[in-house]
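So the structure is just underneath, and the comments pick up after that.
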Amino acid sequence: MAMGKNQLLEAFANLTRRRLLGMGIELDNNLERLLKNMREGDEKTLGQLPEALVNAGRTHLYAPDFFSRDPVTVAEELCGSSLSYANDVMNSWSGLVTETGAYRTYSKKDEAVAKAEPGTIGLYPAQGHQILIISAHEIGKEGTVAVWGLGVGEYLSMARVTQLMTAEKYTGKIIGVDAPFYLSPRNTSNKKIGNLEVNSMGNCKSANARYCLRKI
């Protein structure tokens with residue numbers, strides 16, 4: 001027997017909720033309200049659902065979930081992802097991460113960030129510059145990743161990026177929802193991004209692993 005409109009909406013709402021929870025995505029109040037209205041037969045909620053799903057998925061895509069893993073894994077998946085910085089209209093940008101490094105050990109200069117909650121950013125002094133680093137590790141461990149290069153229409157070294165975003169003002173847990181610094185992870189089903197590909201550079205410069213984008 002064919003299902004009526006209300007039955008279809010109810011079944012779709014229930015399926016959506018189960019799939020999201022199964023993916024580890026927490027449902028915020030807005031999404032819960034939309035799914036409730038859908039179960040009650042309100043078909044207008046279908047048009048509002050895509051935006052609500054994006055907003056609910058932010059905490060899953062951004063910190064801390066993305067960074068709560070081994071720093072080598074994080075560094076590989078961070079390479080080829082996009083970083084966006086939105087402080088004000090005249091000082092905002094989005095770019096492709098072109099080179100990363102993973103660090104399972106730390107020194108006094110990066111100890112605080114290495115031990116901090118995953119997704120916490122900090123600065124590492126190197127060769128007269130401040131390098132942007134991000135806490136990345138599993139529970140009970142320590143580690144960081146560094147973004148050594150970013151493409152925003154031109155190549156920017158991370159020292160230049162920290163200057164542009166005045167990172168000194170934003171050290172701490174700022175990657176995520178309602179923060180000026182956002183991460184859009186790449187599709188990890190393959191290592192290709194357009195005509196570029198994520199390549200391993202092996203162990204170098206004290207890093208446990210380095211990755212970079214190269215033209216195929």
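The values are calculated or read from the model by the stated rules, or taken from the named source; none is laboratory data. On a predicted model such as this, the values are computed, not experimentally measured, just so you know. With ideal geometry, Cβ positions are generated from the backbone for all residues, glycine too; neighbour counts draw on all protein chains shown.
A few points about this structure:
- Residues that are part of a loop (DSSP other than H, G, I, E, B) and either surrounded by fewer than 23 Cβ atoms within 10 Å (Cβ to Cβ) or not assigned by TED's automatic domain parsing to the domain that holds Lys108 (or both), drawn from region 126-144: Gln127, Gly128, Glu138, Ile139, Gly140, Lys141, Glu142
- Subset of region 113-129 [of a type outside the set (Lys, Arg) and within 20 Å of Asp70 (Cβ to Cβ)]: Val113, Ala114, Ala116, Glu117, Pro118, Gly119, Thr120, Ile121, Gly122, Tyr124
- Selection within region 84-126 - modelled with pLDDT of 85 or more and among the acidic types (Asp, Glu): Glu99, Asp110, Glu111, Glu117
- Options Tyr182, Tyr211: the member that is at pLDDT below 90, of a type in the set (Phe, Trp, Tyr) and in a strand (DSSP E or B): Tyr182
- Identity of the residue in region 93-112, among the β-branched types (Val, Ile, Thr) and under 17 Å from the mean Cα position of the chain (by Cα), that ends up nearest to Asn203 (Cα to Cα): Thr100
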